[in-house]
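Here is the structure we will look at.
The values are calculated or read from the model by the stated rules, or taken from the named source; none is laboratory data. Predicted, not measured: the structure shown is a model, and the values here were computed from it. Positions of Cβ are backbone-derived with ideal geometry, glycine not excepted, and every protein chain shown enters the neighbour counts. Heads up: the accessible areas ignore ligands, DNA and RNA and are worked out on the full protein's heavy atoms, side chains in. Shrake-Rupley method; radii C 1.70, N 1.55, O 1.52, S 1.80 Å.
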Amino acid sequence: MGRPDVQVVWFKRDLRVRDHASLTAAVDTGAPVLPLYVIEPSLVAHPHTSPRHVELVLDGLTDLRESLAALGAPLVVRVGEVVAVLEDLSTQVAIEAVHSHEEFGILATWERDRAVAAWCRGRGVRYLEHRQSGAMRGLTSRDTWSRQRLALFNLPLHRMPSAVRPTAVALGPIPEMRDLGMAAETMVYRQRGGERAGREVMRTWLTERIPGYERHLSSPVSGWSGCSRLSVHLALGTVSAREVHARVQARKSEPASPRFSLNAFEERLAWRDHFTQKLEDAPNIERSALHSAFDSLRPATANTQALAAFVEGQTGYPMVDAVLRSLAATGWTTFRMRSMITSFASYDLWLPWQESGRVLARWFTDYDPGIHWPQIQMQSGVTGMNALRIYDPVKQQLDHDPTGEFVRRWVPELRDVPDSLLATPWLVATDERHDYPDPIVDHAAAVAQAKRRIGAVRSQIRGDGSTRALLERHGSRRPPPARRRR
Ligand SMILES: Cc1cc2nc3c(=O)[nH]c(=O)nc-3n(C[C@H](O)[C@H](O)[C@H](O)COP(=O)(O)OP(=O)(O)OC[C@H]3O[C@@H](n4cnc5c(N)ncnc54)[C@H](O)[C@@H]3O)c2cc1C
């Protein structure tokens, strides 16, 4: 082997060729490039990973291999742990640098990245982590966060290379699910992964679907096409958040653009990074409460009957069950519906948030740890810095499914219940009963008890400065929105 020159571009949650900092930097060296994706058995078996996540990655790999082939260097795919794969590749080519994106993920990926960095150090290989997220390492103050984020987002996009010099390394097959010891999930619908699919979603969103976005944000019915549906693609990096941002700016400058909707959408793109920054600044957030006083609030292990009712969508609250069943079958719902089911798990069922969060992580096709765990904690009342958000499932049904279209679709046992009783089917006369369970808990009583328990912890920490410290570290610098009844 000659002087080390090969540039490994290690793809992770950045399965695209456009606005790809690592790829552009590697190609700019003029050296041969080895584009690599490693399917890691330890992550495939991780409790947060479900078969639908793996299928989405496989969609992305097929697409990426084609795009890179068109540039001259198709994607190399290996199954194994990353350090072992790099070690093996280093016996075939002389690696000068490993480029990857700076990932804000779970503890397991953080440890994995450290191991890769250590391997590179040990081998004298440069390890370059390129930014793609508005979250940042080593943030010292939230006061300047927004400005720093925009500075990255307003930089020109990375140009897509016109050609990539290949190496002679064998490509390796893209495995099928069964090769990974998994069966594809039977789903009613699953969003397609891959850059091509992502770009089409972005195109239809910004050119056709975005007007009126703010009206669809909560509805599990109209949100299906009235929200962007970019979350899967942002989570796997099959579209670049910076490119979405740039296209939003371009759209805003057009005459008669739907500015209100564009602004609302742009704000949510910023929330994505705001929450991810919390994960970066509190990396244990998938395990421990942001405020440690709330760590022993709920039991460490879930009540099996309550957890089973949640997983099976048999809680006796039609809107909750419809959302849970639809998630299992499609992998997506709106923000408000995610909040409602998390609130139900955490306050009504008093389940440990780590457990319900894991169930939801596996269902959400867009599982993105940087958004997920901070949101799960916020909707479970354990951050020590946010107002309690407790959702009334009956009110949510009346507000967001007034005709019963959504509930009747996912809870067909209630198909014949009249509209007037659909949100409270336990009131149906016994001689006209349906085959649907009574509520597993009394919402009002469960919530009153939850509030008492949380209030007790809050009074212990009141005035001790801990909330102020958390707000200083993690709090948004925007004024809080006006209070609404949920
Ligand atoms: C308990 C809970 C868990 C969640 N877990 C995830 C998750 O794992 N992955 C995920 O992508 N989103 C998560 N969300 C946030 C939000 O519900 C989804 O981003 C959104 O519903 C995805 O659909 P969309 O792409 O059509 O969103 P749009 O409304 O079109 O928003 C565009 C993008 O902005 C970001 N975004 C939107 N809302 C939020 C928000 N409230 N906080 C942070 N970022 C936001 C997402 O990247 C989203 O794709 C969670 C919300 C809750 C309450």
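In degrees from 0 to 90, rounded to the nearest 10, what is the angle of the helix 195-204 Cα long axis to the longest principal axis of the chain?
Its long axis makes an angle of about 50 degrees.
Whose amide H sits under 5 Å from the amide H of His101, counting only residues 5 or more places off or on another chain, with H placed in the peptide plane?
Lys12, His130
Calculate what fraction, in whole %, of the accessible area of segment 353-486 sits on carbon and sulfur atoms when a 1.4 Å probe is rolled over the protein chains.
Carbon and sulfur atoms account for 50 percent of the accessible area of segment 353-486.
Tell me what the chain gives for mean residue ellipticity at 222 nm when only DSSP H runs of n ≥ 4 count, each as -39,500 (n - 2.57), the sum divided by the residue total, rounded to 500 deg cm²/dmol.
So the helix-based figure for the chain works out to -13500 deg cm²/dmol.
What does the charge dipole of segment 303-397 about its Cα centre add up to, to the nearest 20 debye, if the Cβ of each Lys and Arg holds +1 and the Cβ of each Asp and Glu holds -1?
That gives segment 303-397 a dipole magnitude of about 120 debye.
Using a Förster distance of 30 Å, how high is the FRET efficiency between Ala445 and Ser420, based on the Cβ-Cβ distance and rounded to 0.05?
My answer for the efficiency is 0.80.
Write down the accessible area per residue of the chain in Å², having rolled a 1.4 Å probe over the full set of protein chains.
Roughly 43 Å² per residue, with all protein chains present.
Among Trp350, Ser466, Gly124, which residue has its Cα furthest toward the positive end of the charge dipole of the chain, with +1 on Lys/Arg Cβ and -1 on Asp/Glu Cβ?
Toward the positive end, the furthest listed residue is Ser466.
Per the 1.4 Å probe, what fraction of the accessible area of segment 1-79, in percent, lies on carbon and sulfur atoms?
Summing carbon and sulfur atoms, their accessible area is 56 percent of the total for segment 1-79.
Once ligands and nucleic acids are excluded and a 1.4 Å probe is used, how much of His474 is accessible, expressed in Å² to the nearest 10?
10 Å²
Calculate the dipole size of the chain relative to its Cα centre from +1 charges on Lys and Arg beta carbons and -1 charges on Asp and Glu beta carbons; express the result in debye to the nearest 20.
1600 debye
Quick one: what are the phi-derived ³J(HN,Hα) couplings along segment 120-132, Karplus 6.51/-1.76/1.60 with θ = phi - 60°, whole Hz, x for glycine and proline?
3J(HN,Hα) across segment 120-132, in whole Hz: 4, 4, x, 9, x, 9, 6, 10, 10, 9, 9, 7, 9.
Set the Förster radius R0 to 25 Å, insert the Cβ-Cβ distance between Arg462 and Asn303 as r into 1/(1 + (r/R0)^6), and round the FRET efficiency to 0.05.
0.30
Which value, in debye to the nearest 20, gives the size of the charge dipole of segment 219-332 about its Cα centre, when Lys and Arg are +1 and Asp and Glu are -1 at the Cβ?
320 debye
Whole-Hz ³J(HN,Hα) for each residue in segment 67-77, computed from phi via Karplus 6.51 cos²θ - 1.76 cosθ + 1.60 with θ = phi - 60°, x for glycine and proline: what do you get?
Working through the residues one at a time gives 5, 6, 4, 5, 8, x, 9, x, 5, 8, 10 Hz.
Enumerate the calculated ³J(HN,Hα) couplings along segment 181-193 in order (Karplus 6.51 cos²θ - 1.76 cosθ + 1.60, θ = phi - 60°), each rounded to whole Hz, writing x wherever the residue is Gly or Pro.
x, 10, 9, 4, 7, 7, 10, 5, 7, 9, 4, 7, x
Can you give me the long-range amide H partners of Leu34? Hydrogens built in the peptide plane at 1.01 Å from N, cutoff under 5 Å, separation of 5 or more residues or another chain.
Those lying under 5 Å, H to H, from Leu34 are Gln7, Val8, Val9.
List the residues, sorted by chain then number, that are 5 or more residues from Asp19 or on another chain and whose placed amide H is less than 5 Å from its amide H.
His158, Met160
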